[in-house]
Amino acid sequence: MISLLIVLFVAVLCIGYVASLYNGLVRVRNEVKLAWSNIDVLLVQRHDELPKLVEVCKPYMQYEGPTLERVVRARADVEAARNSGNVASVSAAEGALRSGLNGLYAVAERYPELKANALFQNLQTRISALETGIADRREIYNDAVNANNVRIESFPDAIIARSFNFGPAQPLKFTTEQTSDVDLKLAFGR
């Protein structure tokens, strides 16, 4: 009788331990999803601001169609990548968008009336603030990804992770070129 109680006690402890590991894996997976949704909110907000910026620029930048088109195309690419849920695609599309915006801001330097336009200034400030927020939240997201990936690769969590199909998450990475400020001297050929 006592040996049966010991076996039951050990079984309950083992089940409790496995449940604890499983719940920990669920928690880190959901932290990754939450961190991504926080980035996604800012991506949507910036997505909504970009057409306004392009419209404000159009009357001033009549001969800069390719620059404006690059921003519009990059915006569409980010939206498509965001909707696909593929973090690597979002990283690449974000790089193209940032490059397009840097080009737009560099070209805007040639148009003093545009630079003086209050709506342009407000939109530029708003988009820059959203860029900063995305960068900050990217760091939080990548920390959550790292915690998730460490858990699913560590013993004994790896056993539970494989058994219940917990997979690795992809970090959101940008190259140094994608995150650096635009070099206005290069943009103007000086």
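The values are calculated or read from the model by the stated rules, or taken from the named source; none is laboratory data. Quick caveat, the model's predicted, so the values are computed rather than measured. Counting neighbours? That spans all protein chains shown, and the Cβs are built from the backbone with ideal geometry, glycine included.
The table below lists the values:
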quantity	calculated
Pair list, Cβ < 9 Å and 6+ apart or interchain, from segment 113-132 residues that are in contact (Cβ under 8 Å) with a residue 12 or more places away in the chain and within 18 Å of LEU43 (Cα to Cα) to residues that are surrounded by 12 or more Cβ atoms within 10 Å (Cβ to Cβ) and among the hydroxyl-bearing types (Ser, Thr, Tyr)	GLN124/TYR105
Where a residue in segment 141-155 is farther than 9 Å from PRO168 by Cα and touching a residue at least 12 places away in the same chain (Cβ under 8 Å) and its partner, wherever it lies, is assigned to a helix (DSSP H, G or I) and not aliphatic (A, V, I, L, M), with Cβ under 8 Å and at least six apart	TYR141/TRP36; TYR141/ASN38; ALA144/GLU31; ALA147/GLU31; ARG151/GLY24; ARG151/ASP157
Residue under evaluation LEU114, criteria (1) in a helix (DSSP H, G or I); (2) out of contact with any helix residue (DSSP H, G or I) (no Cβ under 7 Å at 6 or more places or on another chain); (3) over 26 Å from TRP36 (Cβ atoms), criterion not met	(2)
Verdict on VAL87 being within 28 Å of ALA158 (Cα to Cα) and either among the acidic types (Asp, Glu) or touching a residue at least 60 places away in the same chain (Cβ under 8 Å) (or both)	yes
Selection count, segment 65-80, where residues are without any contact (Cβ under 8 Å) to a residue 12 or more places away in the chain and not charged (D, E, K, R)	3
Residue in segment 59-80 that is of a type in the set (Asp, Glu), part of a helix (DSSP H, G or I) and either closer than 30 Å to ASP143 by Cα or modelled with pLDDT of 90 or more (or both) present	yes
Some residue of segment 172-182 being modelled with pLDDT of 85 or more and surrounded by 14 or more Cβ atoms within 10 Å (Cβ to Cβ)	yes
Options ALA74, ALA19, ALA35, ALA11; residue that is in contact with a Leu (Cβ under 7 Å, 6 or more places away or on another chain) and either farther than 18 Å from LEU119 by Cα or surrounded by fewer than 16 Cβ atoms within 10 Å (Cβ to Cβ) (or both)	ALA74
Subset of segment 45-64 that is free of Cβ contacts under 8 Å to residues at least 40 places away in the same chain and more than 28 Å from the chain's Cα centre (by Cα) - its residue that is surrounded by the fewest Cβ atoms within 10 Å (Cβ to Cβ)	TYR63
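For every residue, the table says whether it meets (1) under 27 Å from ARG137 (Cα atoms); (2) surrounded by 18 or more Cβ atoms within 10 Å (Cβ to Cβ); (3) out of contact with any Ser or Thr (no Cβ under 6 Å at 6 or more places or on another chain).
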position: ASN86; (1), (2), (3): yes, no, yes
position: ALA93; (1), (2), (3): yes, yes, yes
position: SER99; (1), (2), (3): yes, no, yes
position: GLU109; (1), (2), (3): no, no, yes
position: PRO112; (1), (2), (3): no, no, yes
position: ASN117; (1), (2), (3): no, yes, yes
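Okay, residues lined up against (1) among the acidic types (Asp, Glu); (2) farther than 28 Å from VAL32 by Cβ:
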{"position": "LEU53", "(1), (2)": "no, yes"}
{"position": "THR67", "(1), (2)": "no, yes"}
{"position": "VAL72", "(1), (2)": "no, yes"}
{"position": "GLY85", "(1), (2)": "no, no"}
{"position": "ALA88", "(1), (2)": "no, no"}
{"position": "SER91", "(1), (2)": "no, no"}
{"position": "GLY103", "(1), (2)": "no, yes"}
{"position": "ASP143", "(1), (2)": "yes, no"}
